[in-house]
Amino acid sequence: MKLQFPENFYWGASTAAHQVEGNNTNSDFWLMEHLEGSTFNEKSGDAVDHYRLYRNDIALLAELGLNAYRFSIEWARIEPEEGVFNEAAIMHYRDVLAACSEQGIMPIVTLHHFTSPQWLIRAGGWESPDTPARFSRYCERVMQELGEHIRYVCTINEANISIGIAKIMKRYQSSANAQVGINTDFMAKMETFNAELTKAFGLPPQEVHSFLMARTEAGLANIFRAHVEARTAIHRVSPHTQIGITLSLYDIQAQPGGEENAAHALHEEFLQFLPYLEEDDFFGLQNYTRAIYGPEGYVAPPEGAEKTQMGNEFYPEGLEAVARYVFKAVNKPIIITENGIATDNDERRKAYINRALEGVHACVTDGIPVKGYMHWSLIDNFEWQLGFSKRFGLIAVDRSTQERLPKPSAVYYGNIAKTNELIV
């Protein structure tokens with residue numbers, strides 16, 4: 001059976017600047033990767049050299065048959081010192097956008113994807129009440145320079161992620177089970193790492209507030225205030241640009257007796273943020289798996305369940321469920337900005353894509369305005385604290401040569417995009 005998708009559906013893949021570009025030397029993550037006792041398993045280094053090879057990568061994306069590319073602009077490159085904007089970096093991203101245009105690719109731009117300038121962290125990071133204004137100023141400058149080439153912009157990637165960090169640390173000390181690459185096996189390193197943080201930032205470790213750290217309620221509010229202030233600034237300088245945010249959402253399910261716990265999780269991870277999203281133009285949905293709650297709280301994946309390299313249950317059906325409850329709550333167009341699987345078994349990646357897209361098609365058939373699907377990720381990359389061992393990419397990379405090696409799943413997904421239909 002063939003499932004036809006709407007005309008002008010966006011078929012794409014995603015990356016994040018720090019994970020692919022390489023040598024992001026002014027960012028907080030770069031500094032933390034290089035500290036003695038670092039909680040990072042590896043340093044990002046050259047990553048996959050996308051800062052140099054972006055034109056080849058975008059051409060390859062187009063050759064595969066995709067028509068959209070979600071990527072991020074790196075704040076630490078654009079504003080390496082507070083109030084000092086790097087024109088060469090702005091020109092670089094202007095050329096990335098030009099490369100997309102030349103290849104017929106719709107760019108979907110994220111303005112903050114986890115990493116921040118080092119100066120921002122020294123100024124209080126994401127707990128500082130001044131951060132929303134600083135972020136808004138950066139967004140306004142980028143969009144003044146580049147906005148005419150950007151139809152869709154996501155202000156902040158996974159703005160709700162700090163909600164889950166404390167849970168993840170508690171829940172998965174041994175399995176490192178998380179939707180992103182957070183290393184939970186680091187407690188033995190922390191004493192040395194904290195001492196090095198103190199020296200590196202000139203702050204007590206408890207005052208180092210990088211984005212991927214547990215937040216206070218005030219700090220979490222700062223993140224969403226930053227989104228609101230940035231949205232206002234972007235609409236002022238680039239009124240044609242559609243603005244959204246991305247949230248990391250599990251398919252939250254309840255066992256008998258677990259309904260109250262599931263409802264609490266849904267409120268905590270999603271519903272409480274709805275007031276900040278009212279003026280958005282679209283919603284960026286990111287999902288990888290489900291989370292089950294019973295009478296005692298979170299329930300681990302069933303015994304014998306297939307798991308990904310991240311320790312997540314293999315559960316592509318979660319995407320449809322999340323898209324349905326998101327649309328019911330926000331009543332806005334949805335772009336699936338991330339969905340994918342970390343695995344070395346490419347046949348399972350193809351199966352994951354197929355089953356996830358069945359759910360997307362069911363949503364579209366029922367009138368839910370899902371405008372596009374961005375697979376995570378375009379290229380095997382630097383998976384944050386977990387290093388290069390987790391392989392999400394449609395394209396493999398020989399990092400000794402930086403040669404790109406499309407996987408069979410890339411061709412498979414590209415054929416879906418070329419025909420605009422899924423065979424089930």
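The values are calculated or read from the model by the stated rules, or taken from the named source; none is laboratory data. Everything quoted here is computed from the prediction, not taken from an experiment. Cβ atoms come from the backbone with ideal geometry, glycine included; neighbour counts cover every protein chain shown. Calculation scope for accessible area: heavy atoms of the full protein, side chains included, ligands and nucleic acids excluded. Shrake-Rupley method; radii C 1.70, N 1.55, O 1.52, S 1.80 Å.
Radius of gyration over Kirkwood radius for segment 1-49, both on Cα atoms: the Rg/Rh ratio is 1.32.
Distance between Cα centroids, segment 9-49 to segment 253-279: provide it in whole Å. When both Cα centres are located, 31 Å separates them.
Taken per residue, the accessible surface of segment 300-424 reaches 37 Å², heavy atoms only and a 1.4 Å probe.
For the chain, which whole percent of the accessible surface, found with a 1.4 angstrom probe, sits on carbon and sulfur atoms? Its accessible area is 50 percent carbon and sulfur atoms.
To make sure I understand the rule: partners must be aspartates and glutamates, Cα under 16 Å from the Cα of Lys2, and not fewer than 8 residues away in the same chain. Which ones qualify? Counting by Cα, and skipping residues close in sequence, Lys2 has these aspartates and glutamates nearby: Glu358, Glu421. If the chain linking Ala98 and Asn331 were pulled fully straight, counting 0.36 nm for each residue of separation and taking away their Cα-Cα distance, it would gain 80.6 nm. Name all residues of segment 400-424 having a backbone nitrogen under 11 Å from the label point set 7 Å from the Cα of Glu7 along its Cα→Cβ direction, giving them as ranges. No residues fall inside that zone.
Computed from point charges on the beta carbon alone (+1 for Lys and Arg, -1 for Asp and Glu), the dipole magnitude for the chain about its Cα centre is near 440 Debye. Annotation: segment 71-133 has a Kirkwood hydrodynamic radius of 13.0 angstrom, from the mean reciprocal C-alpha pair distance. Values (1) 4, 15, 18, 17, 16, 12, 8, 6, 4, 1, 0; (2) 5, 23, 35, 28, 9, 1, 0; (3) 5, 21, 32, 26, 12, 3, 1, 0 are given for comparison; P(r) over Cα pairs in 10 Å bins from 0, in percent, derived from the coordinates here, is the one labelled (2).
For Glu279, the accessible surface of its heavy atoms amounts to roughly 120 Å² (probe 1.4 Å, protein chains only, rounded to the nearest 10). Here the spin labels are modelled as points 7 Å beyond Cα on the Cα-Cβ line, and at Ala123 and Glu421 they lie 5.4 nm apart.
Considering segment 298-397, its Cα convex hull presents a mean projected area of 7.5 nm². Tell me the trypsin sites (Lys or Arg not before Pro) within segment 59-162 that lie in a loop according to DSSP and have at most 16 other beta-carbon atoms within 10 Å. Loop-located and lightly packed - Arg151.
At a probe radius of 1.4 angstrom, the accessible area of segment 63-171 per residue rounds to 31 square angstrom. In this label model, Phe85 and Gln206 are separated by 3.9 nm, measuring between points 7 Å along each Cα→Cβ vector. For Lys407, a cut-off of 18 angstrom between C-alpha atoms picks up these aspartates and glutamates, skipping any fewer than 8 places away in its own chain: Asp57, Glu63, Asp344, Asp346, Glu347, Asp380, Asp398. Positive end of the dipole of the chain (Cβ unit charges, origin at the Cα centre): among Asn381, Tyr325, Ala291, the Cα lying farthest that way belongs to Tyr325. With K and R counted +1 and D and E -1, the other residues having a Cβ less than 9 Å from that of Lys332 yield a net charge of -2. Among the chymotrypsin sites (Phe, Trp or Tyr not before Pro) in segment 347-396, none sits in a DSSP loop with a Cβ that has at most 13 other Cβ atoms within 10 Å. About the centre of its Cα atoms, segment 1-123 shows a dipole size close to 360 debye [charges on the beta carbon of Lys, Arg (+1) and Asp, Glu (-1) only; nearest 20 debye]. Potential lengthening of the chain between Ala59 and Gln255 amounts to 65.9 nm, from the contour at 0.36 nm per residue minus the alpha-carbon distance. Using θ = phi - 60° in the Karplus curve 6.51 cos²θ - 1.76 cosθ + 1.60, the 3J(HN,Hα) couplings for segment 357-362 round to 6, 4, x, 4, 4, 4 Hz; x is entered for Gly and Pro.
About its Cα centre, the dipole of segment 272-349 is roughly 140 debye, where the only charges are +1 on Lys and Arg Cβ and -1 on Asp and Glu Cβ.
With helices as the sole contributors, the chain gives -12000 deg cm²/dmol at 222 nm; each DSSP H run of n ≥ 4 counts as -39500 (n - 2.57), and the sum is divided by every residue. Could you tell me the center-to-center distance, by alpha carbons, between segment 383-424 and segment 50-84 in angstrom? When both Cα centres are located, 17 Å separates them.
Packing around the peptides 308-316, 51-59, taken as the average count of other Cβ atoms within 10 Å per residue, puts them in this order, highest first: 308-316, 51-59.
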